[in-house]
Each structure stands twice: as C-alpha cells, then as structure tokens.
Amino acid sequence: MITDKDAAVNLLMGAFDLNPFIEEEDVKIASSLKQYFLDNPYLDYERIYDCYLSLDIVDRPLMNESTFGKISAQYNCSTNRIYNNIEGNEKSFEDYRDNLEHELVHVTGYLECSFLNEGMTTLITSEYMNDFSLGDVSYYDQVLITKCFCEIIGSDKMLEAYSTNQMDIIKTELLKLNSDANSYEELITLLNDYHKAFSDGNSDYVFSSRSKFVQALLPYLANIPIENQARIGEYFQLLNTFDYDAIPKLAYYNHNGLAEENLKSK
C-alpha cells in the first residue's frame, strides 16, 4: 500500500508517461490532475494507477444526441477506455481537451447515482483542470443539484462518497437530517427519473421530474444552516434560468478549505 502522498501522486502522474496508448498532448492535459490528487485524501491510488497505466483513448463517430446535448465523450470502466465521439470529420482541440479532462476525472471516482456522478465530475473538473469551462449545457442541472447536496451534507462528504464509490455515505448523512428511510429511497428514485428524463431528451419529463425531486428534497433542508438554505434557494432559481454564467463558481467540494475562494478565471 502506498502511504506517502507525494510519492503516490508522482507515481500516478508517471503512469501517463508509461502508458503506450497516451499521446504527449494527452499527458500535458492530464498534468492538471496533480493538484487534485494532492488535495483529495480519499483516492484509491493503486486502483487509479492501474487504470491510468492501461487507459486507452479511442475515436469513434458521435452516436447519441438529445434535446439537452450531445455525448461528446464517455469513459467505460469495463474496457478502461475513453471514447472520443467525433461529429463529422474532426473535433476542435478545445473540445477534445474539455472532454478528456472530464473523462480523466471520471476515472478517479464514481457514484451509483448517475445524476450526482456527472455533477461531481463536472465540478471537480471545473476546479482543477486548465481552461475547463462549466459552460457545457449537458450538465447544467447536474451541477446545480450536486451543489445543493454539497450544501446539505457537506462538500467533504460528497468528495468522500465520490472518491470511494460509496452512495451509502450520502445516505447516512441524509438520514441524520430526515430519518425516514423510505423518503431517502423515494428521493434517489426521483433523482434517477430526473436523469432518465435527460437521457430520453423529453423536455416535459425533465421539468416534471425536476419539480418532483425538488419537492422531495425540501424536508432535508430544515436542519441545515440558514446560509446554506439561502444558497440552495438560489440554485433552485437558477434551475429555471439556464444561465451557466450565473452559477457561483465556488469550490464547495474541495477538501483543503477553498470554499471561500473563487475558482480561477476560466
């Protein structure tokens, strides 16, 4: 087991240099992960090292598109491949970089709830990866709802749950605020319906699922600080505006206490 963090991080970054499937430009893009590795105390270094050592990046034609955006890239943990989905004959470097940054973060953590999984991945990518922008319409709702969860149970617990692949951490924290286990199961079911609505590209289904989920979330807000409630209220309002620039780009999920600092300019 690797116990020295600096040594572990250097080993992880070295995995990219040793990987025969990774191009030099990809290694440069991945270098922004180093600070995330240093900040996050919950990562499974051995697992991530093995993944990065054999990770493959494969180009393929764009396959899926919905009303709410295109699936521009995808990480498949079963094959340990990042699929770079190309529309037409090419993809701009900026789009390729943003897609790869997002998928490289996916390798480091996972939540069984796909909605929160994409939200956490996007938030972490936004903070740590160079020039990544939150301005991807695909995950607007996911970002805002995940920020709500960070306000409700704490950013550190969300980071721990994501990094250790344990939804039970989120469940335990929510049950402290509302002990009704059936309410928790209903909340997650509604969140999964919310995700399915996006996957299906059904705008009416999205709006209906969003409304039902927000109502189910309200009982968990009674016992959290007023300032957290106020921020969640702002996020609820933003759900109806679709304005990425209005989302407060604060690092609520960062372990090293950067929650009071604005993210670097994008």
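Table for the structure above
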{"quantity": "Pairs, first surrounded by 11 or more Cβ atoms within 10 Å (Cβ to Cβ) in segment 212-225, second assigned to a loop (DSSP other than H, G, I, E, B) and not basic (Lys, Arg), C-beta under 6 Å, six or more apart", "calculated": "PRO219/ASN178; TYR220/ASN178"}
{"quantity": "Long-range neighbours under 6 Å by Cβ, at least six apart or interchain, first residue on the phi < 0 side of the Ramachandran plot within segment 160-172, second assigned to a helix (DSSP H, G or I) and of a type in the set (Val, Ile, Thr)", "calculated": "GLU160/ILE169; ALA161/ILE169; ALA161/ILE170"}
{"quantity": "Qualifying residue in segment 41-63 (condition: farther than 30 Å from ASN202 by Cα and in contact with an Asp or Glu (Cβ under 6 Å, 6 or more places away or on another chain))", "calculated": "yes"}
{"quantity": "Whichever residue in segment 130-143 is surrounded by fewer than 20 Cβ atoms within 10 Å (Cβ to Cβ) and part of a helix (DSSP H, G or I) and, among such residues, is modelled with the lowest pLDDT", "calculated": "VAL137"}
{"quantity": "Residues being assigned to a helix (DSSP H, G or I) and either β-branched (Val, Ile, Thr) or under 10 Å from the mean Cα position of the chain (by Cα) (or both) - total across segment 83-119", "calculated": "10"}
{"quantity": "Sole exception among (1) among the aromatic types (Phe, Trp, Tyr); (2) in contact with a Leu (Cβ under 6 Å, 6 or more places away or on another chain); (3) under 21 Å from PHE93 (Cα atoms) for PHE16, by number", "calculated": "(2)"}
{"quantity": "Residue, farthest from THR121 (Cα to Cα), within segment 4-58, restricted to residues that are touching a residue at least 24 places away in the same chain (Cβ under 8 Å) and hydroxyl-bearing (Ser, Thr, Tyr)", "calculated": "SER54"}
{"quantity": "Close pairs (6 angstrom Cβ cut-off, 6 or more residues apart or separate chains): in contact (Cβ under 8 Å) with a residue 60 or more places away in the chain in segment 106-126, in a loop (DSSP other than H, G, I, E, B) anywhere", "calculated": "LEU123/TYR253; SER126/PHE132; SER126/LEU134"}
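The values are calculated or read from the model by the stated rules, or taken from the named source; none is laboratory data. Fair warning: this is a prediction, and the values are worked out from it, not measured in the lab. Cβ atoms come from the backbone with ideal geometry, glycine included; neighbour counts cover every protein chain shown.
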